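Below you'll find the structure, written out as structure tokens, and then a few comments.
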2 protein chains.
Amino acid sequence: MPGTPAVPAGKRPTLADVAARAGVSTALVSIVMRDAKGASAATRERVLQAAREIGYRPDARARLLRSQRSRLLGVQFGLQHPFHTDLVEGLYAAAEPAGYQIALSAVAAGRGEQRAVESLLADRCEALILLGPQAPAARLAELAGQLPVVSVARRLRPSVPGLEVVRTADDEGARQAVDHLVALGHRDIVHIDGGRAPGAADRRRGYRTAMNRHGLAEHIRILPAGLTEEDGADAARALSADRPHPTAVMAFNDRCATGVLDVFLRAGIAVPDDISVVGFDDSHLARLAHIDLTTVGQDIPRLAHLAVSRAVARLEGDKSPAGEDVITPRLVVRSTTAPPSL
Amino acid sequence: MPGTPAVPAGKRPTLADVAARAGVSTALVSIVMRDAKGASAATRERVLQAAREIGYRPDARARLLRSQRSRLLGVQFGLQHPFHTDLVEGLYAAAEPAGYQIALSAVAAGRGEQRAVESLLADRCEALILLGPQAPAARLAELAGQLPVVSVARRLRPSVPGLEVVRTADDEGARQAVDHLVALGHRDIVHIDGGRAPGAADRRRGYRTAMNRHGLAEHIRILPAGLTEEDGADAARALSADRPHPTAVMAFNDRCATGVLDVFLRAGIAVPDDISVVGFDDSHLARLAHIDLTTVGQDIPRLAHLAVSRAVARLEGDKSPAGEDVITPRLVVRSTTAPPSL
DNA sequence: ACTTGGAGTCCGGGGGACCAA
DNA sequence: CTTGGTCCCCCGGACTCCAAG
């Protein structure tokens with residue numbers, strides 16, 4: 001029954017099947033499929049025709065097996081982090097022109113970083129791009145001993161050998177947020193902290209430094225929290241019991257800020273009239289018109305591009321010591337900040 | 001230099017390397033690595049020790065190549081859809097106990113479904129789980145001719161052969177939303193429509209049917225929109241120019257509803273006091289305390305579990321014709337709905 | 001008679017050597 | 001000598017068969 005995609009019961013067609021149908025050798029079929037030279041136009045067409053008929057599709061794994069290179073960049077990301085999914089979008093865009101593919105491995109409830117990385121390694125990725133990794137530095141160093149590793153959005157001591165770092169200047173971002181609030185007239189500015197999350201230490205430090213520089217040392221106040229909406233909400237609840245309220249809050253990130261906004265809303269605390277709120281990341285979340293969060297913007301496409309570039313450079317033989325790209329953030333003023341109402 | 005993880009410059013260790021170091025054959029190493037029988041405890045330990053020392057890690061691809069089975073389920077999902085990322089989390093959880101792995105392929109800006117699926121096929125996935133696929137039915141049918149395909153959250157005519165379907169009863173969900181609103185006293189209920197998005201037709205139909213059954217035929221009003229926040233915002237802007245406003249809005253999904261909420265907020269239209277809003281999905285988004293959206297809840301863990309089950313059943317030789325699981329949704333009442341203020 | 005371990009083959013495809021016009 | 005095409009071995013690991021202990 002010609003024309004029927006002859007799928008012999010679950011077995012997918014191979015080079016040999018195409019070769020048999022086209023009446024040529026498998027090597028020739030290989031040449032045609034790779035678009036390499038060494039086949040006449042007529043034969044080429046005949047082979048492609050045969051391949052179409054039986055629904056042939058090259059097996060990426062077998063191909064990689066032979067060709068040492070996999071041209072695969074393994075990406076670990078947090079499924080529920082808008083900042084990460086935005087980055088992944090940028091990584092896809094950056095990897096393609098460089099001739100690399102992306103293999104995704106999610107960190108989610110019940111699937112830790114360890115598992116995510118293992119699956120990437122087993123899949124023979126040539127390099128790892130880790131988004132906001134929380135693993136101990138020692139573990140990352142160990143990985144970097146095996147293959148090029150790029151840490152995105154987490155600062156690491158340069159002493160971690162072989163580890164490439166691409167990150168935003170978190171301290172500078174925190175400074176911008178504080179400067180903005182101070183310029184608006186705020187003095188009583190609280191930082192809702194990310195705890196041990198990547199970047200949290202720098203943002204905390206930047207907040208401290210900026211407050212000090214503005215002569216607001218005695219107003220420094222840091223509430224321990226974390227990187228989720230719930231963390232932000234918890235901190236905000238603690239805060240809303242205070243009298244008087246602080247006039248401004250700088251949250252660890254957008255998710256956290258979202259939780260803060262919510263609690264304030266319910267507590268009848270108006271934003272920005274009663275309290276101003278600043279987030280961090282400028283992820284999709286912040287841009288939701290409904291939230292419209294003033295936030296410290298990370299240049300996501302740029303971070304993604306640099307991460308890919310660093311990975312590729314290492315893969316293509318760059319022997320220079322591992323380096324670091326630090327991107328300057330840019331404050332995005334939206335509607336959650338305003339002068340204090342005194 | 002014993003103890004040093006001898007990584008011979010970029011080349012990862014293979015079975016042979018371990019064998020050489022342990023002084024045994026590769027076959028024996030294979031046995032040990034697979035935890036198969038055929039090796040003494042002493043040898044086993046010796047081999048494992050050697051493997052650890054040189055940092056050996058089995059090559060998943062080579063393994064699959066030989067074993068015909070890849071035990072890999074390919075998942076296509078939308079990076080920016082909270083509903084999808086929630087589902088992916090469920091898929092990971094469901095696949096593991098069944099002994100399968102998940103390969104992720106994202107649909108994003110600049111990366112369409114075609115591309116996403118191609119990469120999954122090239123990776124030798126044994127079955128495809130497509131989240132809210134927008135591809136033409138004919139294309140899906142073609143895929144289903146090659147391997148088991150499960151469509152999640154999109155209804156397809158049973159005439160599409162070989163295609164498994166797992167979905168929520170969208171029409172029933174829309175009905176629940178309308179019933180809820182009518183019970184609160186609403187009559188002027190607008191539907192902001194998902195256009196050609198998966199599920200949109202059924203939700204639209206469910207809305208129509210329910211409105212008719214409540215004798216509200218002349219209040220039926222459907223605004224064309226789509227599945228993003230921006231689509232919802234556009235529709236809401238059109239709506240807020242109306243006098244009098246409708247008293248309730250049923251949005252296509254949570255993202256769309258979020259856009260609606262935003263525009264209303266800015267236009268000074270209070271939710272739920274002036275207008276009630278209902279979403280669909282009960283994704284992470286709806287649960288954000290800040291949004292706290294009344295929504296038609298899809299049972300995400302269940303959908304994920306069923307999708308995996310159907311894929312696995314087909315792979316393990318179930319020859320029964322392709323089927324469909326239709327899950328009943330359950331309305332989750334939060335704070336965006338209330339009686340109309342007359 | 002078992003147990004333990006080795007040699008050889010296969011999976012799907014890549015690519016260099018080599019042969020035929 | 002090119003161009004077109006074939007042969008053969010290799011990649012990394014798994015499994016069957018066999019032989020040695």
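Read-outs throughout are calculated quantities, based only on the coordinates presented, and are distinct from any laboratory measurement. All values reported here derive from a predicted model rather than from experimental measurement. For neighbour counting, all protein chains shown are included, and Cβ atoms are generated from backbone atoms with ideal geometry for every residue, glycine included.
Annotations for the structure displayed:
- Span from the region A:263-342 Cα centroid across to the region B:82-119 one, whole angstrom: 27
- Choice from B:Val260, B:Val29, B:Val165 with maximal GNM fluctuation in chain B (Cα, 10 Å cutoff): B:Val29
- Top of B:Thr258, B:Thr43, B:Thr85 by mean-square fluctuation, Gaussian network on chain B, Cα under 10 Å: B:Thr43
- Estimated dipole of region A:27-185 in Debye, rounded to 20 [Cβ of Lys and Arg +1, of Asp and Glu -1, Cα centre]: 760
- Between region A:126-171 and region A:222-244, the alpha-carbon center distance in angstrom: 30
- For the protein assembly as shown: rounded, prolate or oblate by the Cα gyration tensor [a/c cutoff 1.5]: oblate
- Computed extension length for B:His219-B:Ala241: 6.2 nm, one decimal, from 0.36 nm per residue of separation with the Cα-Cα distance subtracted.
- Positive-end extreme of charge dipole, the protein assembly as shown - chosen from A:Leu265, A:Met211, A:Ile275 (charges on Cβ): A:Met211
- Lys, Arg +1 and Asp, Glu -1 on Cβ, resulting dipole of chain B about Cα centre, debye, nearest 20: 1380
- Net dipole in debye of the protein assembly as shown [+1 Lys, Arg Cβ; -1 Asp, Glu Cβ; about Cα centre; nearest 20]: 2700
- Positive-end ranking of B:Val117, A:Gly297, B:Thr43 along the dipole of the protein assembly as shown, with charges on Cβ about the Cα centre, is headed by B:Thr43.
- Antiparallel DSSP beta bridges within region A:48-149, as percent of all bridges there, nearest 5: 10
- Charge dipole (chain B, unit charges on Cβ, about Cα centre) - positive-most of B:Ala286, B:Gly232, B:Leu64: B:Leu64
- In the elastic network of chain B, a GNM with C-alpha springs shorter than 10 Å, the most mobile of B:Pro224, B:Pro58, B:Pro148 is B:Pro58.
- Summing Lys and Arg as +1 and Asp and Glu as -1 over all other residues whose Cβ lies under 9 Å from the Cβ of B:Phe280 gives a net charge of -3.
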